[in-house]
Amino acid sequence: MYSGIVKAFRLVSTTEGVRSLWRGVMSVVMGAGPSHAVYFATYEQTKKFLGATSDPEHLHPLAA
């Protein structure tokens, strides 16, 4: 049915409308923010726990 991404976009937008291409994107956007915040907060705390320092000569091998 679809022979390429451009033809797929064209077919979907003509049959279902351009707005249908973006259906469901907001749920991903709403979940991505908190997910990334938790990831980076956990990452920074883990680095501190493993002994990361700002001095490049005294880095712990697991915290680099």
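Could you work out how much longer the chain between Ile5 and His36 gets when fully extended? Use 0.36 nm per residue separation minus the Cα distance between them, nm to one decimal.
In short, 8.3 nm is gained.
Go through the range 15-29 residue by residue and turn each phi into a ³J(HN,Hα) via Karplus (6.51, -1.76, 1.60, θ = phi - 60°); whole Hz please, and just put x for glycine and proline.
These are the phi-based 3J(HN,Hα) values: 8, 10, x, 5, 5, 5, 5, 9, 5, x, 6, 5, 5, 5, 5 Hz.
Only the coordinates and a few stated rules stand behind these numbers; no lab work does. It should be emphasised that the depicted structure is a prediction, and the values quoted were computed from it without experimental measurement.
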